[in-house]
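Data block below; observations after.
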Amino acid sequence: MACSATTRIIHNPLAISSSRSAEKSDFSCKILSPSSFWGSASLGKKLLSVNKAISPISRRSATVVAVSDVVKEKKLKSSSSVSNLLITKEEGLVLYEDMVLGRAFEDMCAQMYYRGKMFGFVHLYNGQEAVSTGFIKLLKKEDCVVSTYRDHVHALSKGVPARQVMSELFGKTTGCCRGQGGSMHMFSKEHNVLGGFAFIGEGIPVATGAAFTSKYKREVLKEDCDEVTLAFFGDGTCNNGQFFECLNMAALWKLPIVFVVENNLWAIGMSHLRATSDPEIWKKGPAFGMPGVHVDGMDVLKVREVAIEAVGRARRGEGPTLVECETYRFRGHSLADPDELRDPAEKAHYATRDPITALKKYILENKLASEAELKAIEKKIDEVVEDSVEFADKSPVPARSQLLENVFADPRGFGIGPDGKYRCEDPKFTEGTAQV
């Protein structure tokens with residue numbers, strides 16, 4: 001979206017820890033040419049100030065303010081606080097337990113996959129736990145989460161029991177989708193996990209629709225509704241049409257949604273830097289009139305700080321936010337990926353920035369908890385994960401009659417015959433297909 005030559009972009013740059021982002025972060029107050037895009041600033045910058053006289057955007061609010069500006073302002077107001085700690089002991093232990101659960105669960109998934117307990121593609125979340133925990137642990141039960149094919153940990157963070165997630169991976173009836181979803185399609189109506197989606201970008205319109213539902217309830221049906229939706233997706237998705245269409249719709253209608261980009265720098269085997277004309281994804285937010293924020297996705301406390309404000313904005317009815325979390329996955333794209341394309345030095349660098357290790361260090365250095373307390377959490381999680389495997393292994397597989405359930409809107413359509421029985425149960429159902 002091009003802007004008028006009279007539009008002023010006002011920035012107050014702060015240093016960015018990311019070497020990728022720092023290369024293009026040196027902006028100052030300037031006049032943009034008609035062909036320029038509206039820029040954004042990363043964490044701690046004011047995003048946009050628009051001349052009200054510009055007619056094409058006169059309907060839009062005069063100023064789009066960075067989420068992180070609110071964080072900064074609140075810090076200044078609370079400077080007299082007796083404590084500089086970012087979290088309480090209780091909050092720290094919740095974050096630590098959730099991150100350890102995600103890591104331990106995924107490590108166990110790798111073991112079970114190679115033992116032949118799981119089938120198809122399985123994409124693990126190791127290394128990205130700070131993003132899931134930093135955002136989802138702030139939500140209420142009524143809030144919605146929409147995920148990708150890398151969805152196990154998002155489901156766990158939202159409260160889906162480890163037993164249900166593991167059983168789903170095993171293809172058992174006790175899974176959260178009764179064994180019909182598998183690794184890439186975690187869904188739980190009870191916990192408002194609206195699904196993992198195998199196709200990239202597929203979940204963003206679903207999340208936008210969920211956010212529209214919340215706004216409709218509040219403004220049309222006059223219900224007491226402040227529900228927020230989180231849409232998780234990766235860097236590779238941000239070149240797809242659904243991403244741009246939904247940013248536009250969410251900004252136009254001020255929907256209560258946060259678009260969370262988990263930029264792990266690689267779209268399967270394609271480097272993010274080679275796949276997009278401008279690798280700074282957060283810049284795309286202000287192009288649609290919403291804040292765009294870049295944050296270190298390997299630091300759960302930084303992610304949480306941004307998430308508090310982004311979720312708060314959405315809950316207050318102030319509209320959507322685009323948050324780019326720069327993170328890294330510690331394993332290959334899936335368990336079928338030998339992970340030979342990434343530079344070993346790059347992988348070693350990010351291994352030193354393990355988000356769980358960093359949080360543990362913060363907790364211990366600030367005396368929020370003892371080593372013994374953290375060990376107790378780790379032991380508890382090991383037992384939870386072991387129990388989930390035992391439960392899943394003993395659970396029954398779905399009956400053949402379940403094959404076509406929840407597939408067809410008309411229960412007596414293709415799947416069920418005039419006698420009320422599933423056609424697939426008829427021995428003649430597959431007759432002749434052996435030659436096809």
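The values are calculated or read from the model by the stated rules, or taken from the named source; none is laboratory data. Since the model is a prediction, treat every value here as computed from it, not as a measurement. Note that each Cβ is placed from the backbone with ideal geometry, even for glycine, and that neighbours are counted across all protein chains shown. Surface areas here come from the heavy atoms of the whole protein model, side chains and all, with no ligands, DNA or RNA. Shrake-Rupley method; radii C 1.70, N 1.55, O 1.52, S 1.80 Å.
If a residue has to be under 14 Å from the mean Cα position of the chain (by Cα), under 21 Å from Arg218 (Cα atoms) and part of a helix (DSSP H, G or I) to count, how many in the stretch 238-261 make the cut?
Matching residues across the stretch 238-261 total 0.
Within the bounds of the stretch 127-136, is there any residue that is open to solvent by 10 Å² or more (accessible area, probe 1.4 Å), assigned to a loop (DSSP other than H, G, I, E, B) and at pLDDT 95 or above?
no
For the structure I just gave you, tell me whether Ile204 is surrounded by 20 or more Cβ atoms within 10 Å (Cβ to Cβ), modelled with pLDDT under 95 and either closer than 20 Å to Gln242 by Cα or not basic (Lys, Arg) (or both).
no
Select from the stretch 302-321 the residues that are among the aliphatic types (A, V, I, L, M) and surrounded by fewer than 20 Cβ atoms within 10 Å (Cβ to Cβ) and list them in ascending order.
Within the stretch 302-321, just Ile308 meets the criteria.
Can you tell which of Leu335, Leu374 is in contact (Cβ under 8 Å) with a residue 40 or more places away in the chain, of a type in the set (A, V, I, L, M, F, W, C), under 27 Å from Leu230 (Cβ atoms) and surrounded by 14 or more Cβ atoms within 10 Å (Cβ to Cβ)? Walk me through how you get there before you give the answer.
Details: Leu374 fails: under 27 Å from Leu230 (Cβ atoms).
Among Leu335, Leu374, only Leu335 is in contact (Cβ under 8 Å) with a residue 40 or more places away in the chain, of a type in the set (A, V, I, L, M, F, W, C), under 27 Å from Leu230 (Cβ atoms) and surrounded by 14 or more Cβ atoms within 10 Å (Cβ to Cβ).
Would you tally the residues in the stretch 266-287 being surrounded by fewer than 20 Cβ atoms within 10 Å (Cβ to Cβ), farther than 21 Å from Arg150 by Cβ and in contact with a His (Cβ under 9 Å, 6 or more places away or on another chain)?
0
Among the residues of the stretch 216-237 satisfying the criterion of being outside any helix (DSSP H, G or I) and among the acidic types (Asp, Glu), which is surrounded by the fewest Cβ atoms within 10 Å (Cβ to Cβ)?
Across the stretch 216-237, the extreme among qualifying residues is Asp224.
All but one of (1) crowded, with 17+ Cβ neighbours inside 10 Å; (2) over 25 Å from the mean Cα position of the chain (by Cα) hold for Glu324; state the number of the condition that does not hold.
That leaves (2) as the condition not met.
Take Glu386 and decide whether it is open to solvent by less than 60 Å² (accessible area, probe 1.4 Å) and part of a helix (DSSP H, G or I).
Spelling it out, it is not the case that Glu386 is open to solvent by less than 60 Å² (accessible area, probe 1.4 Å) and part of a helix (DSSP H, G or I).
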